[in-house]
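This report refers to the structure that appears directly beneath it.
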Amino acid sequence: MRQIVIIGSGPAGYTAAIYAARAELEPLVIASSVEAGGELMNTTEVENFPGFPEGVMGPELMLKLQQQAEKFGTEVVLDDVTSVDLTGDVKTVTLGSGEVVEATTVIIATGSAYRRLGLADEDRLSGHGVSWCATCDGFFFRQKNIAVVGGGDSAMEEATFLTRFANKVTVIHRGDALRASKIMQDRAFSNDKIDFVWNSAVDGIDGDSSVTGVTLRSTVDGSRSHLDVDGLFVAIGNEPRVHLFHGQVELTDAGTIKVDGRSSRTNVPGVFAAGDVIDPTYRQAITAAASGTVAALDAEHYLAALAQGQTAGAGLASTH
């Protein structure tokens, strides 16, 4: 039986693994078969992670974190979790391979998923002009006209990156002012290839075999218009990946996993959570990494208390 199983392999998961492995707890990281490394695998240059004054590519950063975790004895499995049972003293985690892993503690670091528009043709045209990842698909839109939906930092990053390939990038935003940080706004506003359509929502995606345009609805008067584009990139936020844990751990009103104050303790003893899955506000690589540190330390203290025959207060009511 494992002492610690970590579900997720973003900055939170790998940082938790580094700390747990250095404490000789031999953590197992279940990294996913297709999304190992988390969202940073789809990010270009990361300029704000401490220690990289020249910036670092997202995939390179995640590889370094994985290598550091493995250096200290972490085992990384490229498989998906299909179900969990977090009740009782022994937690079970079932993998896609059918293997069932038992553990004394579980750290949930599953991050978040791209939020969708909820349109009928969104999935149909996924991979045929509809995308949620500029770094994945931008290359395919050389000398094309592209639309980006959103008004936050991720939307501005996507739009700015896509200007490397596109003739023109049109940012579609529901309001009349962006939510993005000032530096990201300034970059977008100063880029000659980026236009803005304000007070508009995407009401439909046009095209039979590939995207040919989008139907826009005014958020002011409800009027509709058409915009010819060859691609649509959706950057409207993320949803915490909590579907495996519904009914087992307490959630917040924002849909994230609820933890006790600044700790990583959930309402279930022996179950901890870290990263974007508990953070609807900041959602930065560095805050996720710090959160992973907290989770590893909390899990280590819980295990130490168990070893000493003490009551390990790991629930939300705990104050120590």
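The values are calculated or read from the model by the stated rules, or taken from the named source; none is laboratory data. All values reported here derive from a predicted model rather than from experimental measurement. Please note: Cβ atoms are built from the backbone with ideal geometry, for glycine as well, and neighbour counts cover all protein chains shown. Note: accessible area is taken over every heavy atom of the protein model, side chains too, but ligands, DNA and RNA are not part of it. Shrake-Rupley method; radii C 1.70, N 1.55, O 1.52, S 1.80 Å.
Residue by residue through region 100-119, note down the ones that are free of Cβ contacts under 8 Å to residues at least 12 places away in the same chain and outside any strand (DSSP E or B).
Applying the first criterion (free of Cβ contacts under 8 Å to residues at least 12 places away in the same chain) to region 100-119 yields 100, 118.
Hit for region 100-119 is Gly118, nothing else.
Each row is one residue, and each column tells you yes or no for (1) at pLDDT below 95; (2) in contact with a helix residue (DSSP H, G or I) (Cβ under 8 Å, 6 or more places away or on another chain).
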site: Arg2; (1), (2): no, no
site: Ile7; (1), (2): no, yes
site: Pro11; (1), (2): no, yes
site: Thr15; (1), (2): no, yes
site: Ala31; (1), (2): no, yes
site: Glu35; (1), (2): yes, yes
site: Thr43; (1), (2): yes, yes
site: Pro50; (1), (2): yes, yes
site: Glu54; (1), (2): yes, no
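Every residue, every condition in (1) modelled with pLDDT of 80 or more; (2) over 22 Å from the mean Cα position of the chain (by Cα), yes or no:
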residue: Gln284; (1), (2): yes, no
residue: Ala290; (1), (2): yes, no
residue: Ala295; (1), (2): yes, no
residue: Glu300; (1), (2): yes, yes
residue: Thr311; (1), (2): no, yes
residue: His320; (1), (2): no, yes
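For region 120-140, which positions are open to solvent by 20 Å² or more (accessible area, probe 1.4 Å) and either at pLDDT 95 or above or outside any helix (DSSP H, G or I) (or both)?
Initially, region 120-140 is screened for residues open to solvent by 20 Å² or more (accessible area, probe 1.4 Å), giving 120-121, 123-124, 126-128, 132, 135-137, 139-140.
Correct list: Ser126, Gly127, His128, Trp132.
Yes or no: region 280-290 includes at least one residue that is in a loop (DSSP other than H, G, I, E, B), over 20 Å from Glu102 (Cα atoms) and in contact with a helix residue (DSSP H, G or I) (Cβ under 6 Å, 6 or more places away or on another chain).
Going through region 280-290, the residues in a loop (DSSP other than H, G, I, E, B) turn out to be 280-284.
Now narrow it down to the ones that are over 20 Å from Glu102 (Cα atoms): 280-284.
If we keep only those that are in contact with a helix residue (DSSP H, G or I) (Cβ under 6 Å, 6 or more places away or on another chain) as well, we get 283.
Yes, some residue in region 280-290 is in a loop (DSSP other than H, G, I, E, B), over 20 Å from Glu102 (Cα atoms) and in contact with a helix residue (DSSP H, G or I) (Cβ under 6 Å, 6 or more places away or on another chain).
Can you tell which of Leu178, Leu162 is open to solvent by 10 Å² or more (accessible area, probe 1.4 Å) and among the aliphatic types (A, V, I, L, M)? Talk me through it step by step, then tell me what you get.
Values: Leu162 fails: open to solvent by 10 Å² or more (accessible area, probe 1.4 Å).
None of the others qualify; the one that does is Leu178.
Would you check which residues across region 141-158 are within 30 Å of Thr266 (Cα to Cα) and part of a helix (DSSP H, G or I) and list them? Quick ask: steps written out before the conclusion?
Residues of region 141-158 that are within 30 Å of Thr266 (Cα to Cα), as a first pass: 152-154.
The answer is Asp153, Ser154.
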